[in-house]
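Presented below is the structure to which this report refers.
The values are calculated or read from the model by the stated rules, or taken from the named source; none is laboratory data. Here the structure is a predicted model, which means the values were calculated and not measured. Cβ coordinates were reconstructed from backbone atoms using ideal geometry, including for glycine residues, and neighbour counts include every protein chain displayed. When the accessible area is computed, the model is the full protein with side chains, heavy atoms only, and any ligands, DNA or RNA have been set aside. Shrake-Rupley method; radii C 1.70, N 1.55, O 1.52, S 1.80 Å.
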Amino acid sequence: LRLHRALPAALRALGDRYVKEEFRKHKAAGPAEAQRFLREWEASARRPAENYAALIQQQINEDKQNLREKTVYGIPLTEEKLNDFRDEQIGQLKELMDEATKSNKKFAISKDSDHKK
């Protein structure tokens, strides 16, 4: 949530709601699942671009330094990664997309017909 403070308002609101919901859902997660989550969340020297916190921090810094005309947050999901998702995760991704693309949207989400359905 601290990381989200530097995001544009619409992304911050969406991200905060999603993070809070995910933490509530996984309150009773076992140690193995918690460790797997933390590995993906925290920065890793081996592959920082694939870790949420490191990637978002990098993009926030680029936005602050005006290194790009318009900062795009996040990364596209590859077909390979989508194929690794469980059905539950695909459902969560669809819910997130639906929330992000409501009629009062403040940012655009591209739709890729090749994504797993």
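Out of curiosity, is Arg39 at pLDDT below 80, open to solvent by 90 Å² or more (accessible area, probe 1.4 Å) and either touching a Leu at 6+ places or on another chain (Cβ under 7 Å) or assigned to a helix (DSSP H, G or I) (or both)? Please lay out each step first, then the result.
Working: at pLDDT below 80: yes; open to solvent by 90 Å² or more (accessible area, probe 1.4 Å): yes; either touching a Leu at 6+ places or on another chain (Cβ under 7 Å) or assigned to a helix (DSSP H, G or I) (or both): yes.
Yes: the conditions hold for Arg39.
Identify, please: which residue in the stretch 1-10 is open to solvent by 40 Å² or more (accessible area, probe 1.4 Å) and either hydrophobic (A, V, I, L, M, F, W, C) or not in a helix (DSSP H, G or I) (or both) and is, among those, farthest from Gln57 (Cα to Cα)? That would be Ala9. Tallying residues that are open to solvent by 30 Å² or more (accessible area, probe 1.4 Å) and either within 20 Å of Phe37 (Cβ to Cβ) or part of a loop (DSSP other than H, G, I, E, B) (or both) within the stretch 50-59 yields 3.
Rundown of residues vs (1) at pLDDT 85 or above; (2) loosely packed, with under 11 Cβ neighbours inside 10 Å; (3) touching a strand residue (DSSP E or B) at 6+ places or on another chain (Cβ under 8 Å), yes/no style:
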{"residue": "Ala13", "(1), (2), (3)": "yes, no, no"}
{"residue": "Asp16", "(1), (2), (3)": "yes, no, no"}
{"residue": "His26", "(1), (2), (3)": "no, no, no"}
{"residue": "Ala32", "(1), (2), (3)": "yes, yes, no"}
{"residue": "Arg46", "(1), (2), (3)": "no, yes, no"}
{"residue": "Asn61", "(1), (2), (3)": "yes, no, no"}
{"residue": "Asn66", "(1), (2), (3)": "no, yes, no"}
{"residue": "Gly74", "(1), (2), (3)": "no, no, no"}
{"residue": "Lys81", "(1), (2), (3)": "no, no, no"}
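Looking only at residues in the stretch 83-117 that are among the polar types (S, T, N, Q) and in a helix (DSSP H, G or I), the one that is modelled with the highest pLDDT is Asn83.
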